[in-house]
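I have placed the structure first, in the form of structure tokens, so that the comments after it can refer back to it.
The values are calculated or read from the model by the stated rules, or taken from the named source; none is laboratory data. This is a predicted model, so every value here is computed, not measured. Here the Cβ is made from the backbone with ideal geometry for all residues, glycine too, and neighbour counts use every protein chain on show.
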Amino acid sequence: MIRLLPDWLRDYRREWLAGDLSAGVLVTLLLVPQGLAYALLAGLPPQFGLYASLAPLLIYAVLGQGRAQSVGPMAVTSLLVAASLSRLAEPGSGDYLALAVGLAVLSGLILLALGFARLGFMADFLSQPVLAAFTSASALIILLSQLSALAGVRGGASLPALATGLWQGLPKANGLALAFGAATLAFLTLARRFGQPLLQVLGLSAARAVLWVRCAPTLAVAVSMLLVSGWGLTGRLPLVGEVPAGLPGLRWPALEAGQWADLLLPAFFIGLINYVQSLSVAQMLAARRGEQIDPDRELLALGACNIGSGLCGGFPITGGLTRSVVNADAGAQSQLSSLITAFGMALAMLFAAGALATLPLSVLAATIISAVAGMVRLDALRLAWRSDKADAAAWLLTFLLVLLLGVDSGIVAGMAVSLAALLWRGSRPHIAELGRVPGTQHFRNRLRHAVEGLPGVLTLRVDESLYFANARQVRLALIGKAAGMPSCRQLVLVMSAVNRIDTTALLMLEELDRTLAERGIVLHLAEVKGPVMDVMERAGLGRRFAGRTHLSLQQAWQRLTPSPDYHI
């Protein structure tokens with residue numbers, strides 16, 4: 001029976017309890033307003049954010065490996081949900097709500113399938129420049145959309161629509177809503193800038209001061225609700241409104257087959273992005289403790305969490321950076337903190353729903369602006385521009401398309417550009433002409449080092465695996481370099497950087513050997529790796545190059561040295 005228990009529970013220590021308890025309470029205070037805000041950002045009623053916060057916490061506590069990971073709604077995920085579903089149904093309609101729930105379930109099922117197939121490496125399909133551009137552009141869209149909410153006007157889903165809606169709506173802005181939102185934003189900005197040193201002056205430790213500063217949005221929410229109730233402002237500014245009390249029930253999304261089909265592609269991309277985000281947060285926190293996170297296990301856990309969210313009436317969720325860091329810094333040593341947070345969320349649903357009705361929407365907008373403002377960063381673009389122009393192009397294209405067309409179009413285009421750049425770079429591999437460093441057995445690029453060569457021998461190293469995308473280019477380059485050396489009678493192809501070879505490349509080597517032979521040049525192979533040699537043997541090239549395949553370049557050098565009494 002003990003093997004059925006999660007890892008953290010099997011080795012739980014009594015001294016962890018205080019930290020788990022305090023972390024669970026603090027994350028609850030943070031998650032309640034976040035859940036409401038991110039549900040509204042997704043175009044859903046506020047209770048959907050609470051529903052999406054309960055079951056995932058319980059499920060991850062059992063299946064997840066990240067001991068301080070806190071799962072639930074996130075801003076970028078909410079934006080993806082809104083962008084995906086607004087094309088399929090009118091926000092706020094019954095179909096829209098059902099599609100949101102179905103999106104969570106389908107996203108979870110896809111992640112589960114990927115996890116069972118051990119395809120956790122799919123996280124690598126999103127390069128860091130593309131992910132950084134997507135996050136920055138999404139954060140910018142969120143900021144602009146919440147500026148509209150801050151003023152009590154309606155925005156849009158892309159940069160042109162947001163700018164138009166904000167410009168047309170400003171003359172009709174609700175002044176009281178704007179005052180509440182601006183005051184909240186100013187408070188959160190000042191708290192982030194001066195809160196920690198001030199609390200330390202008042203006697204709190206640096207760690208505790210940071211935690212309380214991160215809980216400043218909860219304080220702003222509580223004060224705003226007290227002001228609205230105390231001053232009788234319920235009819236004068238947009239509020240969250242009635243939040244149904246009680247825990248969510250379990251039910252399967254009422255969708256038709258065609259609607260499930262419409263959700264398939266959005267569910268895949270949302271699941272992939274959520275997985276990348278959740279895995280990176282879990283790995284970052286695990287590294288602090290010297291622990292490891294199994295990507296496939298994380299896929300399974302996150303998939304089950306999303307299914308649980310959908311069956312409870314929620315929308316797609318992921319591991320949240322802010323909440324997880326707060327959880328860890330507050331002393332969380334295990335997923336018991338998540339169970340305590342789930343208990344706190346249940347209490348809020350049962351007994352605090354009435355109070356949440358007086359929460360101003362502009363205050364929630366201010367908390368979202370404060371949370372995502374730091375996500376707009378250009379450092380990844382600067383690094384990519386200095387190191388790899390193709391990565392910089394992928395960043396720029398992703399960023400612009402997310403802003404102009406929407407988050408889903410932008411991320412697809414960014415992935416396509418990254419994969420195209422990968423194929424383009426692989427199709428034009430670096431080919432170095434090698435020589436030997438005098439007096440040694442080391443061989444280096446002639447353009448970078450003072451080296452010696454052998455008469456009539458051309459030694460070339462291709463710095464890439466050989467496959468369909470580069471086979472023709474490599475053949476032309478090798479023939480061209482041989483033609484550029486009229487005295488060439490032996491060509492040694494160094495394959496130390498070739499990790500794999502496909503059928504197209506095998507046929508290319510065979511054709512290259514024939515072409516060079518017609519010109520009186522003998523082709524030799526050196527430093528062929530075992531797996532590559534196995535493929536060549538199965539294809540019959542092992543026999544073709546018998547006597548011309550050398551274990552090392554030094555061996556080839558000795559074999560081709562014209563003087564019979566040559567010594568190292």
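Is region 229-244 home to any residue that is in a helix (DSSP H, G or I), in contact (Cβ under 8 Å) with a residue 60 or more places away in the chain and out of contact with any Asp or Glu (no Cβ under 8 Å at 6 or more places or on another chain)?
Within region 229-244, one or more residues are in a helix (DSSP H, G or I), in contact (Cβ under 8 Å) with a residue 60 or more places away in the chain and out of contact with any Asp or Glu (no Cβ under 8 Å at 6 or more places or on another chain).
Taking the options Gln34, Gln47, Gln69, Gln65, name whichever one is of a type outside the set (Val, Ile, Thr), touching a Lys or Arg at 6+ places or on another chain (Cβ under 6 Å) and touching a residue at least 40 places away in the same chain (Cβ under 8 Å).
Matching residue, one of Gln34, Gln47, Gln69, Gln65: Gln65.
Identify, please: which residue in region 334-389 is more than 30 Å from the chain's Cα centre (by Cα) and of a type outside the set (A, V, I, L, M) and is, among those, nearest to Leu143 (Cα to Cα)?
The selected residue is Pro360.
If Tyr60 passes every condition in (1) surrounded by fewer than 24 Cβ atoms within 10 Å (Cβ to Cβ); (2) under 30 Å from Asp11 (Cβ atoms) but one, which one does it miss?
(1)
Does Thr318 meet the test of being in contact with a strand residue (DSSP E or B) (Cβ under 8 Å, 6 or more places away or on another chain) and not hydrophobic (A, V, I, L, M, F, W, C)?
Criteria met by Thr318.
Return only the number of the condition from (1) touching a helix residue (DSSP H, G or I) at 6+ places or on another chain (Cβ under 8 Å); (2) surrounded by 15 or more Cβ atoms within 10 Å (Cβ to Cβ); (3) not in a helix (DSSP H, G or I) that Asn499 does not satisfy.
(2)
If I filter region 232-246 for residues that are of a type outside the set (A, V, I, L, M, F, W, C), more than 30 Å from Ala179 (Cα to Cα) and in the same structural domain as Pro73 (by TED's automatic domain parsing), do I get at least one hit? Give the steps one after another, and end with the answer.
The first filter runs over region 232-246 and keeps only residues of a type outside the set (A, V, I, L, M, F, W, C), leaving 232, 234-236, 238, 241-242, 244, 246.
With more than 30 Å from Ala179 (Cα to Cα) added as a condition, the list becomes 246.
Checking the rest, the ones that are also in the same structural domain as Pro73 (by TED's automatic domain parsing) come to 246.
Yes, there is a match, as at least one residue in region 232-246 is of a type outside the set (A, V, I, L, M, F, W, C), more than 30 Å from Ala179 (Cα to Cα) and in the same structural domain as Pro73 (by TED's automatic domain parsing).
If Leu423 passes every condition in (1) closer than 24 Å to Ala469 by Cα; (2) among the hydrophobic types (A, V, I, L, M, F, W, C); (3) outside any helix (DSSP H, G or I) but one, which one does it miss?
(3)
Against the conditions (1) over 13 Å from Arg67 (Cα atoms); (2) crowded, with 20+ Cβ neighbours inside 10 Å, where does Leu279 fall short? Just the number, please.
It fails just one condition, (1).
So if I check each of Ala220, Ala282, Ala209, Ala286, which one is closer than 30 Å to Gln196 by Cα and touching a Lys or Arg at 6+ places or on another chain (Cβ under 8 Å)?
None of the other options fit; the residue is Ala286.
How many residues are surrounded by 15 or more Cβ atoms within 10 Å (Cβ to Cβ) and of a type in the set (Gly, Ala, Ser) when one looks only at region 512-555?
The number of residues fulfilling the criteria is 3.
Check off (1) closer than 28 Å to Val71 by Cα; (2) surrounded by 12 or more Cβ atoms within 10 Å (Cβ to Cβ); (3) modelled with pLDDT of 90 or more for Val228 and give me the number that stays unchecked.
The single condition Val228 does not satisfy is (1).
In region 1-22, what residues are under 24 Å from Ala222 (Cβ atoms) and either at pLDDT below 90 or in the same structural domain as Leu147 (by TED's automatic domain parsing) (or both)?
Across region 1-22, the qualifying residue is only Ser22.
Just to check your reading of the model, which residue among Trp212, Trp252, Trp260 is over 22 Å from Ala100 (Cβ atoms), assigned by TED's automatic domain parsing to the domain that holds Leu350 and surrounded by fewer than 20 Cβ atoms within 10 Å (Cβ to Cβ)?
Going through Trp212, Trp252, Trp260 in turn, just one is over 22 Å from Ala100 (Cβ atoms), assigned by TED's automatic domain parsing to the domain that holds Leu350 and surrounded by fewer than 20 Cβ atoms within 10 Å (Cβ to Cβ): Trp212.
Need pairs with beta-carbon distance below 9 Å; first residue assigned to a helix (DSSP H, G or I) and within region 262-290, second surrounded by fewer than 17 Cβ atoms within 10 Å (Cβ to Cβ) and of a type in the set (S, T, N, Q); sequence gap 6+ or separate chains.
Final answer for the pair search is Gln283/Gln292; Ala286/Gln292.
If we keep just the residues of region 283-294 that are farther than 17 Å from Gln128 by Cα and of a type outside the set (Lys, Arg), which is surrounded by the fewest Cβ atoms within 10 Å (Cβ to Cβ)?
As a first pass, look at region 283-294 and keep what is farther than 17 Å from Gln128 by Cα: 285-294.
Then keep just the ones that are of a type outside the set (Lys, Arg); that gives 285-287, 290-294.
Values: Leu285: 23, Ala286: 17, Ala287: 11, Gly290: 6, Glu291: 14, Gln292: 9, Ile293: 23, Asp294: 15.
Taking the candidates together, the pick is Gly290.
Can you tell me which condition Ser387 does not meet? The list is (1) in the same structural domain as Ala132 (by TED's automatic domain parsing); (2) of a type in the set (Gly, Ala, Ser); (3) out of contact with any Leu (no Cβ under 9 Å at 6 or more places or on another chain), and all the others hold.
With respect to (1) in the same structural domain as Ala132 (by TED's automatic domain parsing); (2) of a type in the set (Gly, Ala, Ser); (3) out of contact with any Leu (no Cβ under 9 Å at 6 or more places or on another chain), Ser387 is out only on (1).
Could you grab me the full set of residues in region 238-291 that are farther than 22 Å from Leu79 by Cα and in contact with a Phe, Trp or Tyr (Cβ under 8 Å, 6 or more places away or on another chain)?
Ala245, Pro248
Please specify each residue of region 338-357 satisfying the condition of being modelled with pLDDT of 90 or more and either in contact with a helix residue (DSSP H, G or I) (Cβ under 8 Å, 6 or more places away or on another chain) or not in a helix (DSSP H, G or I) (or both).
Ser338, Leu339, Ile340, Thr341, Ala342, Phe343, Gly344, Met345, Ala346, Ala348, Met349
Select from region 67-119 the residues that are crowded, with 24+ Cβ neighbours inside 10 Å and outside any helix (DSSP H, G or I) and list them in ascending order.
The answer is Arg67, Ala68, Gln69, Ser70, Val71, Gly72, Pro73, Met74.
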